[in-house]
Structures are given as structure tokens and as C-alpha cells.
There are 4 protein chains.
Amino acid sequence: MTPSEHLAELGRDFYRRGWVLGTSGNFSAVIQREPLRLAITASSADKGRLTIEHFLEIDANGNVLGTSPGRPSAETLLHLAVVRTARAGAVLHTHSVWSTILSDYHIGHGGFFIEGYEMLKGLDGVKTHEHREWIPILENSQDMNALAAETSRTLEENPAIHGFLIRRHGLYTWGKDLTEAARHVEILEFLLESVGRRHMMEPQY
Amino acid sequence: MTPSEHLAELGRDFYRRGWVLGTSGNFSAVIQREPLRLAITASSADKGRLTIEHFLEIDANGNVLGTSPGRPSAETLLHLAVVRTARAGAVLHTHSVWSTILSDYHIGHGGFFIEGYEMLKGLDGVKTHEHREWIPILENSQDMNALAAETSRTLEENPAIHGFLIRRHGLYTWGKDLTEAARHVEILEFLLESVGRRHMMEPQY
Amino acid sequence: MTPSEHLAELGRDFYRRGWVLGTSGNFSAVIQREPLRLAITASSADKGRLTIEHFLEIDANGNVLGTSPGRPSAETLLHLAVVRTARAGAVLHTHSVWSTILSDYHIGHGGFFIEGYEMLKGLDGVKTHEHREWIPILENSQDMNALAAETSRTLEENPAIHGFLIRRHGLYTWGKDLTEAARHVEILEFLLESVGRRHMMEPQY
Amino acid sequence: MTPSEHLAELGRDFYRRGWVLGTSGNFSAVIQREPLRLAITASSADKGRLTIEHFLEIDANGNVLGTSPGRPSAETLLHLAVVRTARAGAVLHTHSVWSTILSDYHIGHGGFFIEGYEMLKGLDGVKTHEHREWIPILENSQDMNALAAETSRTLEENPAIHGFLIRRHGLYTWGKDLTEAARHVEILEFLLESVGRRHMMEPQY
């Protein structure tokens, strides 16, 4: 299975689970490190019908290689920032209801901690539920240069994180390869729903 | 795929997602503009088993053309009002839990704003999450002439909207074609669930 | 399709939707009126794997006809009470989360009204959303004779109802035939979820 | 169907329902009592793609028999404690959102009662909804010897229970065989969601 085939299959599955409705969400995977070659979803691709036709190959500056039609995702610079700063092999951006509302609820503190959950052990390198995971939240912007710079800055200041939220815009996570990145989506979406519902049981919590 | 085939497929998918349970919901698509010809769901069609047999062809006055058995949807006049006033190519009415309860909660203000969500960019012509989308709510009625007139008035007064709610009765949205209208359903249902759950996290919000 | 085949198909679908988990829920359909012959689920049937083998034929007193193995559902007397008092052609008992918790929340008032929802028009004979549907709640009991008598009394005192709840035990609904009864399940489950979530948005509501 | 085939099928189904996302959850079934032989999921198995290749056979001390590659689940000692103390034929550990948040909410009281629900009758030996089921909650730990000892102590002190929670870590349940254990998962997950949502309707409840 090529990276594009794997990404397309993941995308259709994430769509079915309500994590990338409409044309929301975008996905990338490193094809080659030096020089960098990245497979990334084309702009405006409908995630429920994703096929390899909806992927482009780009270089480290986001330029499209070869003769692929279409433009790469508007959020290409964020993917490149994550690949570069976190040394990721794959980057997945989902846009679920829970990531959307928690990114809004906690914006005043710039993020929030998820702590004490066994499921945290599904994140790369986490060995105990006593782990304290910081989930930074970036203010949303349509200026992709600014948002990519903010992404790099956030990753440099928080090298231990496994994902971040953009306000009212969902989740970015990644992994050393696509399998790990996909597991991180599942783990973080579970944790976001859990802390969201936990809060609803006891608002002062 | 004919408009009726496309509508039938959409309808079964919406049913599976809980948006048109029982015989709720109704769908139409423009077949021809001049003179107007519209494919529309028959009255009382079970949306989980929708086939092209459940569609009728009507003219600009809602009269059935040809020898189709059955009556067109009771809400035909609303579809015609939207096609005429919003210059829509397709009109989709869904009836989800979230659209139902939000249409009730906000009735006192005649509607509500959805603002600051990235997903708003899935609506035709919206270029930034900073967009402020007004969702008007119409009081429900069984007088279809009155409700159609109210629909036209609402669309004339709010030319920038992409959908409206009827109190305790769900969502109407549309698009220049069926693909766009279907995307609008998905986007608006996502946004309604998000603002509904966001409110539940913080009732004073 | 025989009544048992239709009931088995419905049961598997209801299971998939979370309405009859484990061995909860039970279903029946009138095969013949005079003398009464009813197809009904066997006791302890797993609803996710329901086949025609899990149905028995019983008479008006609940006696098993023919050589079917197994015992009829423990709630057979309730089905017979509904068939007799409401002149139903089919009786469906589901056990969803929302019916369970609402049956508990409103027990102090013996029931609650659902009013003003367009979806009410999916109930037999209801022509307008202005309809006011009373949902009686019976206290749960393991004494099936007592519960069947209470069922008959409730139906006689409330001839216009389309369903009732048993406390922390779910929903009974019915119809003149199986298609109508199945639609009533879908409509009532939608309405219960809607009023439950509506309440959560505004607890004083 | 061998125990491993049955467990693999159950695991994929539980994954689909959101009860064992990522590599969470683990399952075992007794193959032979004397001397004890247990089939158990391998450590780190992805539950959505579970096949018989992901199961190992172990003895009463948790040693792997034969030449199976991989290590048994990190929670093997807990499975062995349940098999031994509760005389279980199968042990299933799921990790749903509702079990996770309730295990946190009620930790201060060491557990909580579920009482008065008809669905309780789906638990082995329970004949009436008037049953009062105690759900103990164990503090989570990465010390498996300590957690296994705590499991044995909890089962000895509460011989009538059908399951327990580990804080922010999900549900353990079991049965005399795999079919009963699987039914207990379904019943308990339903009850946990019901009491969780019931609480949200009326926080003082």
C-alpha cells in the first residue's frame, strides 16, 4: 500500500466516524526525507470519497512536484512545520465536535492538561497513566504563514507534546509513521471526548 | 446519475445518520429552469428505503407532471420558495435532534449566530472562520402557504444565509447544485451539534 | 416475508441502533385475529442474532401452539394486553438509554407530555405538531399479571396514546401493523432523545 | 470456532463500538482448567484488526506456552486473578468513555450502586430489577502485582459483583463462558451510559 492509498483509506474511515466532515481535515505522509517529499491531500477534497487521485506530492517549500492537477491543502505550511519541527513521518488533522468545542472552552488558558488517564499510554513514549499531557491551543487564523510560524514555535517550546488544537478548528497530531499518527488520532479523540463529558458531569471539575 | 437517483442515495445516507427518521425530511433538485421543473420526494416516503420511485416531477406551481402516482411532499411550497428566492438548484430539509432542540431553545430571539468556526468555510462563499452566520428560526405551522410566504420573506431579508430552522422541525438548506446542498447539510449539522454541546459545557455561554 | 421474518429483521436493526442490547426488548405481531394467534420472541433471545427460530406462536392466553421449543417472552402478557386493549396488529418493546432515563426522571408525575414537535406527525392519526402526546410511565414489576393489568388500565384510561414507558425499563409502542409499529419506535425514540437533550440544555425547562 | 477466533471477532466488534480504541482493552478465555490454560490477547494488539495471530496461550503463572511470538497483555495478572477468584471462564476488559468518566467521578466512594434497572437482569443470576449491583472502583496502577492483588481482594470481599472499574481505565467483567462475558459487557456498558446520562439530567441525583 502506498502512503497515498493508506491516507485515502484512513480518510474515508475518519469521515465515517464524523472526524472530517465536508472537506474539513487534511493528511500528509513523508515519502522521502532528503530532499523532503510529502504526499498531501489536495485542497477541497471530499474526505468521504477520498482516493489516491486527491493526493499531491510536494517538496519542502510546498511546491507541487510532477504534473498533478489541483492545489495542495491550504494548510500545507502547517504540515511542513510539523514534519520539520517534530521530525514527524505523518501528520493528521481532524476536525471533530469534541476537539472543536474544547479548543474554544480552554482558549483563555492557552491549552489544558489531560492527566491520569490510562489511555494516555497509547501516545508514543508514554509509559504510565500518571503522565501529564499538555494540549496547547493556537488561535485560529487564515494567515497560513503566521499560523505555521506559531505551530513551529509551539512545538519548539513544548517538545514533549503529541498534538495541539486550533481554536474552533480541531486537532493536529502526528507520528513517526502513519500507523502511529493514526493511533494518536484515535487516542486523542477518545481523551477529548472523555474530558469533555467528564466536565459536563461536574462543571466545576 | 439522474437527480432522483442522487437524491435517493443521499436520502438513504441521511437516514442512516439519523437526520431523516421515519418519513421526516424532504429533498428536491431543479431539473430545468425555464419553465421550472423540480424533482421532489413524494409525501410520506420512508427515507431509509428511498428509491427513484419515491420522486415526482412538478412545475413552478407544485403541480405534478406526467403520470407519477402519489402526491408531492406537503412542504413542496417551501421548496419552491427557496428555489425561487435563493436561486437554488437543490433544496434539502433534514430533521436531526440537534436542529430540533436548537430551533426551540433560540426561538425567543428569532434565530442565532454561528461565528468563529473554521467549519463555516464549508458554506458557499465563506472565506474565513471570522464569518458571522445568522440562522433564522421560523415558527412552525401547518399552513403551507403561510410558511412558504414566511420562507420567502426570510430569504429576502437575509440574502446571505445558507439555511434556516423551523421550530422543533429541523433544518432547510440548499445549494447551486445537489453536491453543494449536501455539503451544506453536513456542515450545518456539524455546527449545530458543536454549538449545542458547547452550550452544554457552559450554560451561560 | 412472514411476520417472524419481518420481526427478526427489525430486531437485528434495532439491536444495531442500541435499542435492544443483550436479551432486552421483545416483539410480537398478530398472525390471525379470531381466534387470536400471535408470533412473539422467545424468552432470552439475543436480539443481535435474531432469526425466525427465536419466534413462537401463541394463543390469546399465552399458550404456545405447535411444537416450538422454548418459552415465550416473560412479557407475553403485556403484549396480549396491548393487542387486546389497543387493537394493535404488532407490539414492539425497545429498551434504549433515553427511554430508560426519562422513565426514571418523570416517574413522580406518572408520565410527561411531548408537545409542539413536528415529528409527532409520524404517529398514527396525528395531523399537526400542535398535538399534545401523553407518555404514561408505569412502575416496573416482576409480577407480570399485575403489570399486564396496569397496562390494560393505562390504555383504557388513555385511549389516544401511542406508547408508554415502564420505569427504568424502556418503551412499549404498537401499530395496526408491523410497519406502523416500527415507525412509531423510530418516531418515539427520536422524540425521547430530543426532549432529553432539550432538558439538558436548560434544566429548568 | 476456537476461543481465539471468538475473542478476535468480539474484539473487532467492540472496537467498532468504541469500547477498545487504539490498543486498549484485552480479552481472555479459559481453554482448560486443570492445569489452567488461558488464551489471551498479545500486548499492544490493535483491537480493530484483531485476528487469532494476536492471541497467546499461557499457564496459571502467565508463562507463554509453545512458540507463540509476542508477549501476553500487560494486564495478564489481572485476568488470572479474575479467573481464579471468580471462577470465570472468560474475562473481558473494555475501555469506553462512560466507564472511564464514571470510574473517575465516583472514586471518592470506592464505587457506586446501580439499582432498579430492568437491564440488571442481563447479569448472571439476577432475577429482578430490584437488585442492587455494587460497582467497585480500583485506583489505577502500573504495578501489576499490586493491581492483581487488589483485584483478588475486591472479588473476595464482593463475591456477588459482575464487574469492576479501574480509575480512568475502564471496565473488567467476566462470565462462566465467553457468551456470558460478552453479554455482561453489553449490559454493563448500557447501564454505565444510562446512569451517566441520568446524572447529567439532574446533577444532584
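The values are calculated or read from the model by the stated rules, or taken from the named source; none is laboratory data. If you're wondering where the values come from, they're calculated on a predicted model, not measured in any experiment. Neighbour counts are summed over all protein chains in view; Cβ atoms, including those assigned to glycine, are modelled from backbone coordinates with ideal geometry. Ligands, DNA and RNA are stripped out before the accessible areas are found, and what is left, the full protein with its side chains, is counted by its heavy atoms. Shrake-Rupley method; radii C 1.70, N 1.55, O 1.52, S 1.80 Å.
Structural remarks
- Residue that is out of contact with any Pro (no Cβ under 7 Å at 6 or more places or on another chain) and either in a strand (DSSP E or B) or at positive phi (or both), where the choices are D:Leu92, D:Leu102, D:Leu10, D:Leu78: D:Leu92
- Residues in the range D:78-87 that are touching a strand residue (DSSP E or B) at 6+ places or on another chain (Cβ under 8 Å) and either within 14 Å of chain C (Cβ to nearest Cβ) or open to solvent by 30 Å² or more (accessible area, probe 1.4 Å) (or both): D:Ala86 alone.
- Qualifying residue in the range A:153-164 (condition: at the interface with another protein chain (Cβ under 10 Å from one of its Cβ atoms) and open to solvent by less than 20 Å² (accessible area, probe 1.4 Å)): no
- Of all residues in the range C:56-69, those satisfying the criterion of being open to solvent by 10 Å² or more (accessible area, probe 1.4 Å) and either in contact with a Ser or Thr (Cβ under 8 Å, 6 or more places away or on another chain) or part of a strand (DSSP E or B) (or both) are C:Glu57, C:Gly62, C:Val64.
- Remark: pairs (first residue in the range A:57-72, in contact (Cβ under 8 Å) with a residue 12 or more places away in the chain and of a type in the set (Ser, Thr, Tyr); second residue open to solvent by less than 60 Å² (accessible area, probe 1.4 Å) and not in a loop (DSSP other than H, G, I, E, B); Cβ separation under 6 Å; 6+ apart in sequence or on different chains) = A:Ser68/A:Leu56.
- Screening D:Lys127 on (1) open to solvent by 10 Å² or more (accessible area, probe 1.4 Å); (2) touching a Lys or Arg at 6+ places or on another chain (Cβ under 9 Å); (3) of a type outside the set (Gly, Ala, Ser); (4) more than 10 Å from every other protein chain (Cβ to nearest Cβ) shows it passes everything except condition (4).
- Condition met for B:Ala90 (crowded, with 23+ Cβ neighbours inside 10 Å and closer than 21 Å to B:Ser24 by Cα): yes
- B:Ser96 closer than 24 Å to C:Gly116 by Cβ, more than 14 Å from chain A (Cβ to nearest Cβ) and open to solvent by less than 30 Å² (accessible area, probe 1.4 Å): no
- Only one of the numbered conditions (1) buried (at least 24 other Cβ atoms within 10 Å of the Cβ); (2) over 9 Å from the mean Cα position of the chain (by Cα); (3) away from chain B (no Cβ under 14 Å) is not met by A:His169, and that is (3).
- Considering the range B:172-190, and only residues there that are out of contact with any Phe, Trp or Tyr (no Cβ under 6 Å at 6 or more places or on another chain) and hydrophobic (A, V, I, L, M, F, W, C), the residue that is farthest from the other protein chains (Cβ to nearest Cβ) turns out to be B:Trp174.
- Inter-residue pairs, beta-carbon under 6 Å, first part of a helix (DSSP H, G or I) and in the range B:180-198, second at pLDDT below 95 and open to solvent by less than 10 Å² (accessible area, probe 1.4 Å), 6+ apart: B:Arg183/A:Gly22; B:Glu186/A:Gly22; B:Ile187/A:Gly22
- Some residue of the range B:70-77 being within 14 Å of the chain's Cα centre (by Cα), of a type outside the set (Gly, Ala, Ser) and open to solvent by 30 Å² or more (accessible area, probe 1.4 Å): yes
- So A:Gly175, is it in contact with an Asp or Glu (Cβ under 7 Å, 6 or more places away or on another chain), closer than 30 Å to A:Glu5 by Cα, crowded, with 21+ Cβ neighbours inside 10 Å and not acidic (Asp, Glu): yes
- When C:Ala74, C:Ala60, C:Ala39 are checked against the criterion of being of a type outside the set (Ser, Thr, Tyr), more than 23 Å from C:Glu157 (Cβ to Cβ) and modelled with pLDDT of 95 or more, a single residue qualifies: C:Ala39.
So that you can scan it fast, the table gives a plain yes or no per residue for (1) open to solvent by less than 40 Å² (accessible area, probe 1.4 Å); (2) touching a Lys or Arg at 6+ places or on another chain (Cβ under 8 Å):
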{"residue": "A:Leu7", "(1), (2)": "yes, no"}
{"residue": "A:Arg12", "(1), (2)": "no, yes"}
{"residue": "A:Tyr15", "(1), (2)": "no, yes"}
{"residue": "A:Gly22", "(1), (2)": "yes, yes"}
{"residue": "A:Gly25", "(1), (2)": "yes, yes"}
{"residue": "A:Ala29", "(1), (2)": "yes, no"}
{"residue": "A:Ala42", "(1), (2)": "yes, yes"}
{"residue": "A:Leu50", "(1), (2)": "yes, yes"}
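- Residue in the range D:123-131 that is out of contact with any Cys (no Cβ under 9 Å at 6 or more places or on another chain) and outside any loop (DSSP other than H, G, I, E, B) present: no
- Residues of the range B:132-141 classified as open to solvent by 60 Å² or more (accessible area, probe 1.4 Å) and assigned to a loop (DSSP other than H, G, I, E, B), total: 1
- Flag for D:Gly163 being over 22 Å from D:Asn26 (Cβ atoms) and modelled with pLDDT of 95 or more: no
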